[in-house]
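The values are calculated or read from the model by the stated rules, or taken from the named source; none is laboratory data. Keep in mind that this is a model prediction, so the values were computed, not measured. Here the Cβ is made from the backbone with ideal geometry for all residues, glycine too, and neighbour counts use every protein chain on show. Side chains included, ligands, DNA and RNA excluded: accessible areas come from the protein's heavy atoms. Shrake-Rupley method; radii C 1.70, N 1.55, O 1.52, S 1.80 Å.
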Amino acid sequence: MSDIDKRNRLSEEPFTYRITKNGTVVIYHKGKQIKFLKDREALRLIERINEVEDNITELQLLLAKITGNYKRGNEKLGKNK
């Protein structure tokens with residue numbers, strides 16, 4: 001089991017994306033638009049998406065990191081160390 005996705009949330013594929021005609025990238029979480037990237041950020045993301053598009057978990061992790069929805073629910077672990 002990976003330490004990154006202990007609860008298997010990414011296997012549910014909560015993130016989707018859409019690349020528009022003018023090169024912007026829109027990222028959705030469970031159907032709701034949460035992030036809009038354009039210019040250099042969008043180009044970098046498109047390149048990274050093309051690298052990992054065969055691996056669904058890696059793609060979901062990439063989108064989660066971009067949006068900031070990366071460590072929900074396990075922030076309390078650091079306080080107890």
Residues of the stretch 8-64: accessible area per residue with a 1.4 Å probe, Å²: 71 Å²
Other residues with Cβ under 9 Å from the Cβ of Y28 give, with Lys and Arg +1 and Asp and Glu -1, a net charge of +4
Carbon/sulfur accessible area of the stretch 5-72, % of total, 1.4 Å probe, equals 44 percent
